[in-house]
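One structure is given below, encoded as structure tokens.
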Amino acid sequence: MSAAKSGSVLLLQSLLVTLLMGVLGYVCTAHAHEVRPAVLEIKETAPGRYDVLWRTPLLSGMRLPVVLEFPDDVRNVTDPIVQELSDSIIERRVIEPAGGTLAGKRVRFVGLQATITDVLVRVRTFDGRDITTFVRPLQPWFDVAARQSWGTVAGNFIMHGIEHILFGVDHLLFVLGLLLIVQDRWMLLKTVTAFTVAHSITLAIATLGFASAPVMPLNAAIALSILFLGPEIVRCWRGETSFTIRHPWVVSFAFGLIHGFGFAGALTSAGLPGKDLPLALLSFNVGVEIGQVAFVMLIVLLERSFRQLEIRWPRWVQALPGYTVGSLGAFWTIQRAAMLLGITP
């Protein structure tokens, strides 16, 4: 291994240690990767009358602490009916707003600011117009618009894709693990491209309804992909070689197919209507790629900057990243396998 390569690996490894220690408290309590959005569907079934469906995900068996709040001049025609499913709670009601329309009224999500969950909002008017938007914790409300452009819809899903990859700790750990074993810039490009192509394939297949993967086995498989990289990073640090070290793009593509199903969960769980799927799929995937490329560029730029410092790291620091990735992968795999088998602490 060349001196330049060795320096790059050591610096990347030290960066990984910092990142891993920063998220360790979070990941040790995470039962699954996907932070699925809550969903609010409002459909105008007759002029001035709306059916409301409010679905909140169950997170580690707990209901999302968010309360849907309409303006005071919106009355309930029927009392809310609550149905509890295995992964979410659904609340249905019928409402009538004063003035005969919801346009221009503000809907609030009380408590959303204390979470990291978005709310996907879909409104369909009686004349067939659709309005789709995301409500985020930083602004836990939305004003019902009379119309919405396709550009606004695309922008919403691009932002959702960016947030999804950046909050996907296990996806980022997998990408970072790959960065630790690539040999040169050309191999880095091949590896990142292979991961992009692979997860784009399964993201499209799953979102369009041609295939699906159960959430619990899928999350266990994603954890297993991280566990797989741990020993490979250690081998690379020791100057050894393997098929993965020589051809990381192959492994990136294979596991990218699995990670793509994970990305799809953010869209399929929302139950998007068919007319929104092509735009939502394209925009969401663009957002995921923007977030992924930004993450890779950040790591590469930091590596180049730190290389100029010529820092010498102790051997235990050099070895820690591979063991930490493997340990976290093992922890997640065991935890999610236990959940899959119905074993709870």
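The values are calculated or read from the model by the stated rules, or taken from the named source; none is laboratory data. These numbers come from a predicted model, not from an experiment. Note that each Cβ is placed from the backbone with ideal geometry, even for glycine, and that neighbours are counted across all protein chains shown. Calculation scope for accessible area: heavy atoms of the full protein, side chains included, ligands and nucleic acids excluded. Shrake-Rupley method; radii C 1.70, N 1.55, O 1.52, S 1.80 Å.
Arrange the peptides 69-78, 290-299 so that the one whose residues have, on average, the most other Cβ atoms within 10 Å appears first. Can you show the working numbers first?
On the way: 69-78: 12.7, 290-299: 16.4.
Top of the packing list down: 290-299, 69-78.
Sequence-ordered 3J(HN,Hα) estimates for the stretch 220-237 from the Karplus curve with 6.51, -1.76 and 1.60 and θ = phi - 60° stand at 5, 5, 4, 4, 5, 5, 6, 4, 4, 6, x, x, 5, 5, 5, 4, 4, 4 Hz, glycine and proline given as x.
Which order do peptides 93-106, 255-268 fall in by mean Cβ count within 10 Å, highest first? Numbers along the way, then the final one.
Numbers: 93-106: 15.6, 255-268: 23.7.
Going by the mean number of other Cβ atoms within 10 Å, highest first, we get 255-268, 93-106.
Taking the inverse of the mean 1/r over every pair of distinct Cα atoms in the stretch 101-184 gives a Kirkwood hydrodynamic radius of 15.2 Å. Accessible area per residue for the stretch 163-306 is 40 Å², calculated with a 1.4 Å probe on protein heavy atoms, without ligands, DNA or RNA.
Carbon and sulfur together cover what percent of the accessible area of the stretch 82-143 at a 1.4 Å probe radius?
Values: 1520 of 2980 Å².
After summing per-atom areas, the C and S share lands at 51 percent.
Could you work out the local net charge near Thr196, counting Lys and Arg as +1, Asp and Glu as -1, over the other residues with Cβ closer than 13 Å to its Cβ? Working shown, then result.
Details: positive: Lys190; negative: Glu289.
Overall, the nearby charge balance is 0.
What ranking of Trp249, Trp54 comes out by heavy-atom accessible area, probe 1.4 Å, highest first? Please report the intermediate quantities before stating the final value.
Working: Trp249 95, Trp54 5 Å².
The ordering from most to least exposed comes out as Trp249, Trp54.
Our note on the geometry: Cα centres of the stretch 147-165 and the stretch 172-230, 23 Å apart.
A cut-off of 5 Å between modelled amide H atoms, ignoring neighbours fewer than 5 places along the same chain, links Leu59 with Leu64. Within the accessible area of the stretch 176-262, the carbon and sulfur atoms contribute 72%, probe 1.4 Å, all protein chains present.
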